[in-house]
Amino acid sequence: LCADISRDISPILDITAPVSGEYRFEVSSPGIERKLTKSEHFLHSVGSKVKVKVLGGQKLKGELIAADEKGVSIQTKDAIEKFDYSQLGTVKTYFEW
């Protein structure tokens, strides 16, 4: 997909350069692991494994089992943890090999 996008856009940029001088045009994907920052990200990631840093220092790993406009539910190995978005620090999906 990235190569297709690059192949389609590069000729256009050759005709109408977006900046003066030399530049490099690169297209890349966010990778297999993704930082979740918006409620839409969480909604699309239900069922994914996540690493969570809660404001205040708590860290946990588990499966994102639910998300709505207010917050999320995460199934850890011990319990279901519920958080409002305002309680969350960094949340990232992760892939377990």
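The values are calculated or read from the model by the stated rules, or taken from the named source; none is laboratory data. Every value quoted in this text rests on a predicted model; they were computed, and no experiment measured them. For neighbour counting, all protein chains shown are included, and Cβ atoms are generated from backbone atoms with ideal geometry for every residue, glycine included.
Within segment 15-54, being within 23 Å of Phe95 (Cα to Cα), aliphatic (A, V, I, L, M) and part of a loop (DSSP other than H, G, I, E, B) holds for Val27, Ile32, Leu36, Val46. Can you tell me which residue in segment 58-97 is farthest from the chain's Cα centre (by Cα), limited to those that are surrounded by fewer than 12 Cβ atoms within 10 Å (Cβ to Cβ) and among the hydrophobic types (A, V, I, L, M, F, W, C)? Across segment 58-97, the extreme among qualifying residues is Ala79.
Candidates are the residues of segment 1-36 that are of a type in the set (Val, Ile, Thr) and free of Cβ contacts under 8 Å to residues at least 40 places away in the same chain; the one that is surrounded by the most Cβ atoms within 10 Å (Cβ to Cβ) is Val27. Quick check, is Lys92 in a strand (DSSP E or B) and under 28 Å from Ala3 (Cβ atoms)? Here the answer is yes, as Lys92 does meet what is asked.
Summed over segment 5-35, the residues that are of a type outside the set (Ser, Thr, Tyr) and more than 30 Å from Val50 (Cα to Cα) give a count of 15.
Close Cβ contacts (under 6 Å, 6 or more residues apart or on different chains) running from residues in segment 63-86 that are farther than 11 Å from Val50 by Cα to residues that are small (Gly, Ala, Ser) and modelled with pLDDT under 95 comprise Glu69/Ser39. Considering the conditions (1) out of contact with any Leu (no Cβ under 9 Å at 6 or more places or on another chain); (2) surrounded by fewer than 13 Cβ atoms within 10 Å (Cβ to Cβ), Leu55 is excluded by exactly one of them, (1). Residues of segment 56-80 that are assigned to a strand (DSSP E or B) and under 16 Å from Ser45 (Cα atoms): Lys61, Gly62, Glu63, Leu64, Ile65, Ala66, Ala67, Gly71, Val72, Ser73, Ile74, Gln75.
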